[in-house]
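Each remark here refers to the structure printed beneath this line.
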Amino acid sequence: MPPRRRLSPDERRAQLLAVGARLFARHPYEEVLMEDVAEAAGVSRALLYRHFAGKQELFAAVYRQATDRLLEQVPLDRPGDMLAQLTAGLDVHLDYFTAHRNTVLAANRVLAGDPVVQTIIDGELDVLRSRFLGIVPLADDSARPAAAAVLKSWLVFVRVLCLDWLTEETCTRAQLRDACVGALLGALGPFLRPDNT
């Protein structure tokens, strides 16, 4: 058997994040132990703790990486194509939410009071609101502040609705997405150009 290749610090951190992401997705946050992460990664606990001071720090790094990847995949960059981009963006998030249910619930419920995790969530919502504002066909610029407020409230609505759905699927995934789309279109209606209502 050839000797194992020594990883650079960046490669080791990436490996530990991948293992952490896999374990947090498969198991509730409370059940994931740092010992489990070290064992799954084939490293000592001391090495794991050299990269992450504890489970919350590891989780926050996993969640930040996931959020960055989600934002890269959300197609909100073409003015005039709001509905298609909105639907595609929701699909990207719902795909992640269903595949990583435990991670999403941990970030939004178990660790809701953690300032680092909350900063990650707030940052994602701010980016999404800003991008949405760039594609919304507003009646005029004076509607921008009101539309921004609507978008902020809608993103919180979507977050709460999706968390409830992950806990208890009271409707289909398609119905959930369509309810989110309909809520935004209805709320933004007074501020859109007449040809987009």
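Rule-based calculations on the coordinates, nothing more; no lab input. These figures come from a predicted structure and were not determined experimentally. Glycine gets a Cβ as well: all are built from the backbone with ideal geometry, and neighbour counts include every protein chain shown.
Here are some notes:
- Less than 5 angstrom separates the built amide H of Leu192 from those of Ala139, all sequence-distant by 5 or more or on a different chain.
- Restricting region 1-83 to GluC sites (Glu not before Pro) in coil, as DSSP defines it, with at most 13 other Cβ within 10 Å: none
- P(r) for the chain, from all Cα pairs and a bin width of 5 Å, is 1, 7, 14, 17, 16, 13, 10, 8, 6, 4, 2, 1, 0, 0 %, short bins first.
- Under the combined filter of DSSP loop state and at most 15 neighbouring Cβ atoms within 10 Å, region 97-181 retains these GluC sites (Glu not before Pro): Glu168, Glu169.
- Helices in the chain that qualify as membrane-span-like (whole DSSP H runs, Cα extent of at least 20 Å along the helix axis, mean Kyte-Doolittle hydropathy of 0.0 or higher) are 82-99, 115-135, 144-167, 173-188.
- Spin-label pair Ala88-Val160: with each label point 7 Å from Cα along the Cα-Cβ axis, the two points sit 3.0 nm from one another.
- Sorted largest first, the principal axis extents computed over the alpha-carbon atoms of region 9-55 equal 28, 17, 16 Å.
- Helical runs assigned H by DSSP (4 residues or longer) give the chain a calculated mean residue ellipticity at 222 nm of -22500 deg cm²/dmol, each run adding -39500 (n - 2.57) before division by the residue total.
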